[in-house]
Each structure stands twice: as structure tokens, then as C-alpha cells.
1. Once fully extended, how much extra length lies between residue 222 and residue 256, figured as 0.36 nm per residue of separation less the alpha-carbon to alpha-carbon distance?
2. Could you work out the relative contact order of the stretch 10-148? I mean the mean sequence separation of Cα pairs under 8 Å and 6+ apart, divided by the number of residues, in percent.
3. So, R0 is 25 Å and r is the distance between the beta-carbons of residue 629 and residue 462; what FRET efficiency does that work out to, to 0.05?
4. Between residue 654 and residue 327, what is the spin-label point distance in nm, taking each point 7 Å from the Cα along the Cα→C-beta axis?
5. May I ask you to derive the relative contact order of the chain, considering only C-alpha pairs under 8 Å and at least 6 residues apart, and to give it as an integer percent?
6. Could you tell me the center-to-center distance, by alpha carbons, between the stretch 108-179 and the stretch 563-599 in angstrom?
7. Per the helix-only calculation at 222 nm, which mean residue ellipticity applies to the chain, given -39500 (n - 2.57) for every DSSP H run of n ≥ 4 and division by its residues, nearest 500 deg cm²/dmol?
8. Which angle from 0 to 90°, rounded to the nearest 10, does the C-alpha axis of helix 364-374 make with the longest principal axis of the chain?
């Protein structure tokens with residue numbers, strides 16, 4: 001549903017009056033209430049010019065006569081296909097709820113009508129592709145109602161960039177902060193919803209009211225086709241008691257290497273004019289897309305805008321080029337799909353809110369502006385309600401939290417980790433910073449020695465000396481998420497030595513899924529790439545002379561408070577028998593939980609502790625150092641189950657997987 005009040009340019013009016021002197025185009029409007037009223041006003045204007053005749057209205061409610069002043073007595077029906085057939089409508093304007101777009105758009109096209117489709121085109125990429133196929137198979141036109149893409153400001157700004165006016169583009173930052181009363185989210189059944197009746201709605205700040213901003217940024221970057229966006233990071237929040245987001249941000253990485261960020265909210269104390277900043281190496285340019293203004297330094301230029309219905313009429317009558325064909329919104333739909341698949345919005349605690357006509361987040365306009373300037377997400381701007389952590393869910397139930405920017409002392413080798421991790425029954429099965437080993441951080445990747453840098457934390461084992469404190473601790477630094485969904489993510493990190501020099505690059509993939517047996521699995525894989533110009537040697541303390549201490553790689557620290565701990569494989573039981581063995585799987589039990597670890601694609605010896613503390617992980621360098629010339633990849637699948645399972649039940653679970 002559109003938020004822009006589009007004005008036709010003088011050039012558009014002259015072109016319409018001079019070149020489209022034929023019978024009025026027969027138009028059906030589907031979805032009259034809500035934003036459909038704006039379309040009624042526009043149809044009234046174009047009817048006065050003799051360009052259109054409203055022949056039909058499709059809505060679930062009768063349309064009052066007073067709304068139709070100057071528009072005659074159009075046919076009314078709840079059956080869009082039949083209505084188009086009766087009236088011979090050449091154009092259908094579709095301004096219905098988002099989740100109805102795919103069905104009604106394909107209905108209109110297959111009934112023989114061109115289409116003006118309100119944004120967003122659909123609530124999911126699958127729905128969008130249904131419309132794409134209908135356009136292809138019918139050969140009819142589909143114009144998408146991104147009115148700002150009819151503005152001359154966008155080609156003007158593209159030319160400024162192409163001519164080198166601001167130098168090479170580094171990125172584009174979007175800022176938008178509007179106010180919305182509580183009634184905005186209850187105005188319709190679909191408002192503020194992510195899904196309805198099993199169908200994707202994907203309503204939200206970025207996909208609906210500020211969709212124009214995202215579309216404009218993609219247009220300025222000339223990255224509008226499907227596939228133009230290669231990576232998407234999404235952060236969704238909500239202050240209102242709704243299912244969708246009212247405050248959100250996104251970072252897009254384009255195939256060209258340009259990054260786009262958008263930080264928006266519907267929880268401002270008042271409206272501020274949204275904008276996007278194009279950051280160039282030699283300057284910047286700001287587009288106020290609702291005003292069709294471009295600001296470059298002290299120079300401000302205003303630009304004309306073409307009404308999209310007028311343009312569609314010209315296309316139907318004279319073959320004029322469509323301004324916003326469906327294909328031009330493919331990259332935008334990639335963003336919609338990423339938001340649809342993202343974890344549900346995190347609620348913003350009441351202590352960070354104020355109450356007015358709607359929920360207010362103090363300082364939100366300044367926060368979105370900071371994001372646009374720095375090309376940063378909320379979690380990167382030290383916002384108290386946007387910590388650098390995210391829930392991971394199985395079947396709608398939170399089972400873990402990922403901390404990707406923990407505030408930790410150098411001596412623990414700071415790194416991202418999962419904690420708390422829980423069974424489906426809510427039993428916690430991870431531990432971080434325990435007194436016995438404060439550098440044990442939940443579930444993650446830690447290595448005792450990579451080319452002389454300690455990425456495990458704590459003391460370093462020195463041959464002939466034993467464990468000793470040294471200033472050799474490294475850091476794993478989060479760079480970005482390539483993707484994030486409710487059940488996992490792909491993350492890029494770099495491993496820094498004590499001087500801050502990146503020596504390794506990591507791609508980390510985490511995915512969870514539910515099993516029919518009532519437990520869930522954590523699929524954790526990582527790929528390490530050597531960034532130096534020399535081989536990097538990976539060592540454990542065992543390779544330096546400390547017997548049995550082969551730890552290093554994926555590592556799971558379980559709760560030290562758990563009593564009656566045990567560990568076993570398919571063949572043996574106990575720490576001494578398993579530590580250093582290459583068993584296909586290892587199971588660790590507490591009083592009311594079981595963890596089962598299985599390697600995929602490798603058979604490293606297992607490092608196991610159960611008596612001193614409970615911890616498990618495959619050892620990259622158990623007895624001999626591992627020399628890393630290029631890269632290595634490891635994958636571990638962990639079964640997380642309630643209850644204390646026996647060997648037969650564990651075997652059954654591993655087989656089920």
C-alpha cells in the first residue's frame with residue numbers, strides 16, 4: 001500500500017493531452033478502501049481529462065456512492081475475473097492487501113487485463129514469480145506502483161554518478177522515521193502481520209511504508225533485477241504489540257560490491273522527511289525521494305515526476321516504455337524474501353519507549369541518520385535495545401542465542417559464540433565464562449595456537465614451562481552476515497593476531513532443524529582460509545607436550561553444574577577411553593539432557609572432558625601440528641535432546657538423521 005502522494009509532472013500532462021487522444025481506457029479498481037481511495041482521486045482527475053473510464057470496482061464491501069462522485073456508476077463485484085470479463089477492462093489497478101496480490105494479479109492478467117500493481121508486488125518471492133510467469137505467458141503489462149521510480153530525480157542522480165560527480169560510490173544509506181498511531185496496526189486484518197492464514201503477508205516498515213526508499217536506492221545503484229543483491233543482513237524489531245516489524249534495518253551487498261543500508265522506524269515522535277545518501281569517494285549526494293529533490297553540496301535541484309497510471313495508459317495506447325515493469329522490482333523482492341525468512345522481530349523493552357498517539361522511541365530519527373551516515377546496522381551503533389545477539393528458533397521455539405560481538409577481555413580470546421543453548425524442554429546445555437575456565441564460551445570455534453596466536457583463551461602451554469600467561473591472544477571479529485533466517489545464518493569473520501592483523505578468514509554456517517523424535521539438531525560448519533603469505537601452523541597443547549590436551553576447533557562447553565555426567569560412544573564409555581579416539585559419534589549426558597556429536601566429512605580425534613568439566617569437540621591437531629597452506633573446512637552436527645538417553649536410543653537418533 002503506497003504512502004506517497006504522487007503528482008504528475010507538467011511534461012506528463014502535456015504528453016497525455018497531446019498524444020493520447022483516443023477512447024478512454026476502461027479501468028477496474030480492485031481494493032477501494034484504504035489506499036484505493038487515492039486511486040479513486042487519481043481516476044477522477046484522469047476521467048476529467050478524458051483518459052480513463054472507471055468501469056468496475058472489486059471489493060469485499062459495497063462502495064458508497066459519495067466516493068464515486070464524478071466517476072459514473074461502475075459495476076461492482078467481488079469476483080475480479082468475472083468483472084473484467086463483463087466490463088472489458090483494459091487496465092486493472094490492484095490495491096488489495098499484500099497477501100492477495102499473487103492470486104488477484106494472475107487472475108487479472110489471465111482475464112486479459114493489463115495491471116497496475118501496488119507495492120510491494122508480493123509477500124514472498126514464490127508469489128512474485130507466479131506473477132512474473134503470468135506476465136510472461138499473457139504478454140500483458142504489469143506496472144508496479146513504486147511512484148518514486150517515475151521521478152526524473154533518479155536518472156539525474158545516476159548521471160551525476162556516471163559523470164564522476166561524487167567519485168566512485170562506496171555505499172548508499174537510507175534513513176526514515178515516521179510516526180504511526182496504534183490504529184495504523186489495527187486498520188486491517190493483515191496490518192502488522194508477517195503471515196495470515198498460512199500465506200506470506202510480510203508487512204513491515206521496510207517492505208511497506210519505506211519500500212519506496214529501498215526501491216529508490218536499488219534504482220540509483222542500477223541494481224534492480226533479480227539476482228542483483230548477493231547478500232542481505234536483516235534486523236527486525238517491534239515496539240508495538242504486532243507480529244511484524246515497526247523498526248528495522250537491512251544491509252544489502254550488491255553484485256557490483258556496493259553496499260546499501262536502510263534504517264527506518266514507525267516509532268518517531270513526528271514525521272521526518274526520508275532520504276538516501278549516496279556516499280562517493282569525492283563527495284556525497286542526498287535524494288529526498290518523496291520530494292523529488294537532489295542535494296549535492298549547496299546545490300538543490302527539483303525534478304518532475306510521471307504518474308504511473310498515465311504511463312501505463314500511454315504504454316497500452318501508444319507502446320510507450322513502462323517506467324516500472326515487474327522485472328525492475330526483482331532485487332526489491334529479494335529484500336522482501338530475506339525479511340520474510342528473517343527471525344521474528346525482537347520486542348523493544350518498554351523502558352526504552354515513550355507513549356504518545358503511538359509508541360515512540362526517543363532519538364530514533366537521529367539513530368536512523370547515524371546509520372545512513374555510517375552505513376551501519378542498529379546492532380553496530382551501541383543501541384541498548386539492539387544488542388549484537390540474535391535468537392535461533394526451532395519450530396517457533398527459541399533454542400539458542402548467538403552473541404556475535406561480545407564485550408570480553410583480551411585474555412579470553414574474544415569471539416562469537418552460542419549461549420544459552422537449550423533443549424526443546426528448556427533445559428540449558430551450554431555454559432559461558434565458568435569459574436573453572438573463564439575462557440570457555442558456550443558453543444563456538446576456538447584454537448589454542450594458530451601461527452603463534454592463542455585463539456582459545458587463557459594461558460598458553462609453553463614446552464618446558466607449562467601453562468603461562470602471554471600477550472598472545474587473538475580475536476575473532478564479526479564482519480557481516482551473508483544471510484540470516486529464523487533457523488540459522490551464514491557469517492563472515494576474520495581472525496586477528498595480537499597486533500590486529502587479519503591472519504584467517506572464516507565463513508561460518510549454522511542451521512537448526514527439528515526431528516520427529518522431539519529433539520533438534522545444530523549443524524555447525526566453518527571454513528578457515530589463510531590470509532598470510534606463509535603457511536600457518538595449527539597446534540594444540542598436546543602437540544607441544546601436554547598429553548591428552550589436543551583441544552582446538554569446534555568446542556561445546558556444557559554446564560559444569562550438571563551432576564551424574566557421562567560420556568560414551570557406540571563401543572566404549574568414559575573419558576579416558578574416548579579422549580583421542582576417532583569414533584563416529586560421541587554422546588554426553590547430564591541428569592536430564594543428552595548431546596550427541598557427529599562429524600561430517602572428517603574423522604578428527606575427539607577431545608573429551610567429563611570429570612573436571614563437561615566439554616567436547618573434534619581436535620584439529622591432536623598429536624601432530626596441522627599446516628594450513630590454503631583453507632580447511634569442518635562440520636559437526638549435534639543432537640540436542642531432553643532426558644538421559646541410552647546407547648540404543650542414541651543409535652536410533654543418529655540413524656534417523
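Every number in this text was worked out from the coordinates using simple rules, so none of it is lab data. Small disclaimer: the values here were computed from a predicted structure and weren't measured. With ideal geometry, Cβ positions are generated from the backbone for all residues, glycine too; neighbour counts draw on all protein chains shown.
1. Between residue 222 and residue 256, full extension yields an extra 11.3 nm.
2. 21 percent
3. With a Förster radius of 25 Å, E is 0.45.
4. 5.3 nm
5. Once divided by the residue count of the chain, the mean separation gives 10 percent.
6. For the stretch 108-179 versus the stretch 563-599, the Cα centre distance is 55 Å.
7. Value at 222 nm, helices only: -5500 deg cm²/dmol.
8. 70 degrees
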